[in-house]
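Engineer: Please find one structure pasted underneath; my questions will follow.
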Amino acid sequence: MLYYQEFGAADAPALVLLHSGGLAGVEWQPQIAALSSRYRLIIPDLPGHGSSPLDVPTLTIEHIVASVLALLDRLHISNFYLCGSSLGGASALALGLQVPERVKRLVVYRISYRKNAATYAQTRQMATPAYWAQFGLAGWLSQLHEPQGGPEAWKTVIGRVSEALNPALGGHNHRLEDLRRLNMPVLLIAGDRDPVAPLADILAMYEALPAPALWIMPAASHITASNTWRAAAFAEELKRFFSLPQLPPKLENEQ
């Protein structure tokens, strides 16, 4: 059973926020005040992260999706807005493909539609303790993931991310044709220098989606500062996207 936090009015439209791999629901702390004024926020810790146990041998996208849907069913939330970051974005994309009738609008942040050798190598690099230690986050992650098995459990948690995104498992290895089934508005957000979500892939997704919107953050890699100086802009862009009556027509590329 997933641990989750809830903010906002119980009768407001539901907005589900799925955090990135190696972190927990606290990733969304900078956006809570702005978003909870309009939405009922549901912010789970994904399986095997933070305070949510992992009750299967290996973390997979399919298990994340099933766990999130079970939580929403338990809360009697039949339809919702959805935003996911990195691993959470991969899970949000898979969730939208599985139950498109329940997702009113979808935000896919910092993730492509697939994993290949190059992008998976980047994910594997992020699964090493040295990657997080260089940003001074080892101590914080140790405290965050202590419920997973003690102060060293965070090293296992970050390893689970690369397992879940392993392209050989197929949970995050979609085709562009699959995206055409997503008939709800979809906002793609990525940095223009993100090795995990290459710009070419993001633009290909934009072309394939029936109702896309696009926000490319300039001079940004996988770390986009959405939790620091971009935090206010990030929340405002989500609110604007969710509240638009309809998206303007997408212009077709001239050949």
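Engineer: Let me spell it out: the conditions are (1) under 26 Å from ALA235 (Cα atoms); (2) open to solvent by less than 20 Å² (accessible area, probe 1.4 Å); (3) in contact with a Ser or Thr (Cβ under 9 Å, 6 or more places away or on another chain), and PRO198 meets all of them except one. Which number is the exception?
Structural biologist: All conditions pass for PRO198, except number (2).
Engineer: Only one of LEU182, LEU238 is part of a loop (DSSP other than H, G, I, E, B), touching a strand residue (DSSP E or B) at 6+ places or on another chain (Cβ under 9 Å) and either under 18 Å from VAL107 (Cβ atoms) or in contact (Cβ under 8 Å) with a residue 12 or more places away in the chain (or both); which?
Structural biologist: Sole residue among the options that is part of a loop (DSSP other than H, G, I, E, B), touching a strand residue (DSSP E or B) at 6+ places or on another chain (Cβ under 9 Å) and either under 18 Å from VAL107 (Cβ atoms) or in contact (Cβ under 8 Å) with a residue 12 or more places away in the chain (or both): LEU182.
Engineer: Please indicate, with yes or no, whether at least one residue in the range 181-191 is open to solvent by 50 Å² or more (accessible area, probe 1.4 Å) and under 22 Å from ALA211 (Cβ atoms).
Structural biologist: Yes - at least one qualifying residue is present in the range 181-191.
Engineer: Keeping to the range 192-205, report how many residues are more than 22 Å from ALA225 (Cβ to Cβ) and touching a residue at least 24 places away in the same chain (Cβ under 8 Å).
Structural biologist: Counting residues in the range 192-205 that are more than 22 Å from ALA225 (Cβ to Cβ) and touching a residue at least 24 places away in the same chain (Cβ under 8 Å) gives 2.
Engineer: Being polar (S, T, N, Q), touching a Ser or Thr at 6+ places or on another chain (Cβ under 9 Å) and under 20 Å from PHE242 (Cα atoms) is the filter here, so list the residues in the range 31-64 that pass it.
Structural biologist: Hit for the range 31-64 is GLN31, nothing else.
Engineer: Any idea which residue in the range 202-240 is nearest to GLU252 (Cα to Cα), counting only those that are aromatic (Phe, Trp, Tyr) and open to solvent by 10 Å² or more (accessible area, probe 1.4 Å)?
Structural biologist: Result: TYR206.
Engineer: Which numbered condition trips up ALA153, out of (1) touching a His at 6+ places or on another chain (Cβ under 6 Å); (2) at pLDDT below 95?
Structural biologist: Among (1) touching a His at 6+ places or on another chain (Cβ under 6 Å); (2) at pLDDT below 95, the lone unmet condition for ALA153 is (2).
Engineer: Same structure again: Pairs please, first residue from the range 29-44 and touching a residue at least 40 places away in the same chain (Cβ under 8 Å), second anywhere and open to solvent by 10 Å² or more (accessible area, probe 1.4 Å) and assigned to a strand (DSSP E or B), Cβ atoms under 6 Å, 6+ apart in sequence or on different chains.
Structural biologist: From the range 29-44, the pairs are PRO44/TYR4.
Engineer: Next question. So for the range 37-58 (the condition being in a helix (DSSP H, G or I) and either open to solvent by less than 30 Å² (accessible area, probe 1.4 Å) or touching a Pro at 6+ places or on another chain (Cβ under 9 Å) (or both)), does at least one residue qualify?
Structural biologist: Among the residues of the range 37-58, not one is in a helix (DSSP H, G or I) and either open to solvent by less than 30 Å² (accessible area, probe 1.4 Å) or touching a Pro at 6+ places or on another chain (Cβ under 9 Å) (or both), which makes the answer no.
Engineer: I'm trying to understand the selection: among the residues of the range 141-159, which are within 12 Å of GLY50 (Cβ to Cβ) and not polar (S, T, N, Q)?
Structural biologist: Once the filter is applied, which keeps residues that are within 12 Å of GLY50 (Cβ to Cβ) and not polar (S, T, N, Q), the range 141-159 yields LEU141, LEU144, HIS145, GLU146, PRO147, ALA153, TRP154, VAL157.
Engineer: I would also like to ask the following. Filter the range 151-165 down to residues that are farther than 22 Å from ALA117 by Cα and of a type in the set (Gly, Ala, Ser), then give me how many there are.
Structural biologist: Matching residues across the range 151-165 total 1.
Engineer: Which residue, of GLU62, GLU6, is open to solvent by 40 Å² or more (accessible area, probe 1.4 Å), under 15 Å from VAL161 (Cα atoms) and in contact (Cβ under 8 Å) with a residue 12 or more places away in the chain?
Structural biologist: Answer to the check: GLU62.
The values are calculated or read from the model by the stated rules, or taken from the named source; none is laboratory data. These figures come from a predicted structure and were not determined experimentally. Note: ideal-geometry Cβ built from the backbone for every residue, glycine included; neighbour counts use all protein chains shown. Accessible surface areas use protein heavy atoms only, side chains included; no ligands, DNA or RNA. Shrake-Rupley method; radii C 1.70, N 1.55, O 1.52, S 1.80 Å.
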